[in-house]
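Notes follow the structure.
The values are calculated or read from the model by the stated rules, or taken from the named source; none is laboratory data. In this text, all values refer to a predicted model and were calculated from it rather than measured experimentally. Glycine gets a Cβ as well: all are built from the backbone with ideal geometry, and neighbour counts include every protein chain shown. Quick note on the areas: whole protein, heavy atoms, side chains included, nothing else; ligands and nucleic acids left out. Shrake-Rupley method; radii C 1.70, N 1.55, O 1.52, S 1.80 Å.
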Amino acid sequence: MNHCGTQQLETSRLILRRYVREDAAAMYQNWASDEAVTKYLTWPTHTSLEVSERVTEDWVKAYFDERYYHWAITVKANGEEPVGDIAVVNMKEDISMVHIGYCIGKAWWHQGITSEALRAVMDFMFDVVDVNRIEARHDPRNPNSGKVMEKCGMRYEGTLRSADRNNQGICDACCYALLKSER
């Protein structure tokens with residue numbers, strides 16, 4: 001893998017960029033404090049702006065690591081304010097694999113924004129970082145997340161029963177992946 005850290009990515013509608021400390025308020029307002037958005041996520045709903053500020057601070061500090069890949073999703077038409085989040089949440093370098101997680105504010109659901117962001121990150125990870133496998137998973141009670149994965153070419157590999165935990169407790173995990181050779 002050719003690690004280069006989080007680089008700015010641009011699509012026709014989006015800019016995926018590094019977080020800055022000033023993003024905490026938008027993160028809190030747009031998705032982190034919304035229980036509908038965090039319902040199936042593995043991190044708890046933020047209960048105050050201070051929580052979002054601490055989290056953002058940690059993310060900004062982590063950018064020194066070239067193996068850290070984490071983007072704020074911004075919509076060009078809306079300016080620089082983040083509307084969602086996408087990141088490599090797990091990595092296995094010995095098999096050249098990354099696991100991607102994402103979320104987006106409810107006001108931006110069903111607009112193709114998450115798929116566009118995931119596609120851009122997948123292209124970057126395959127073409128620049130040179131990973132062999134990209135995977136993601138979702139709770140089966142959140143099928144729209146799986147639709148994002150399918151839209152980006154990921155293949156359903158199976159459901160692991162009681163293999164994960166999210167804000168609903170222990171849950172099944174629907175697993176998807178795409179290999180570089182399958183693009």
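Laid out as a table, the results:
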read-out: Top-ranked residue in segment 119-142 [being open to solvent by 10 Å² or more (accessible area, probe 1.4 Å) and hydrophobic (A, V, I, L, M, F, W, C); ranked as farthest from Val75 (Cα to Cα)]; value: Val128
read-out: Residue, most open to solvent (accessible area, probe 1.4 Å), within segment 42-55, restricted to residues that are under 24 Å from His138 (Cα atoms) and polar (S, T, N, Q); value: Thr47
read-out: Filtered residue count, segment 30-71, keeping only those that are under 27 Å from Cys171 (Cα atoms), assigned to a helix (DSSP H, G or I) and among the polar types (S, T, N, Q); value: 3
read-out: Check on Met125, within 15 Å of the chain's Cα centre (by Cα) and more than 18 Å from Gln7 (Cβ to Cβ); value: no
read-out: Selected residue (only one of Cys174, Cys152 is crowded, with 21+ Cβ neighbours inside 10 Å, touching a Pro at 6+ places or on another chain (Cβ under 6 Å) and either without any contact (Cβ under 8 Å) to a residue 60 or more places away in the chain or closer than 18 Å to Lys39 by Cα (or both)); value: Cys174
read-out: Of all residues in segment 151-183 being under 26 Å from Gln7 (Cβ atoms) and of a type outside the set (A, V, I, L, M), the one that is modelled with the lowest pLDDT; value: Arg183
read-out: Residue list for segment 104-151, restricted to those being of a type in the set (Gly, Ala, Ser) and in contact with a His (Cβ under 9 Å, 6 or more places away or on another chain); value: Ala136, Ser145, Gly146
read-out: Subset of segment 26-36 [surrounded by 14 or more Cβ atoms within 10 Å (Cβ to Cβ) and not acidic (Asp, Glu)]; value: Ala26, Met27, Tyr28, Gln29, Asn30, Trp31, Ala32, Ser33
read-out: Pair list, Cβ under 6 Å, 6 or more apart: segment 45-63 residue free of Cβ contacts under 8 Å to residues at least 60 places away in the same chain, other residue aromatic (Phe, Trp, Tyr); value: His46/Tyr28; Leu49/Tyr28; Ser52/Tyr28; Thr56/Tyr19; Trp59/Tyr19; Val60/Tyr19; Ala62/Tyr68
read-out: Qualifying residue in segment 97-118 (condition: closer than 22 Å to Glu182 by Cα, among the acidic types (Asp, Glu) and surrounded by 15 or more Cβ atoms within 10 Å (Cβ to Cβ)); value: yes
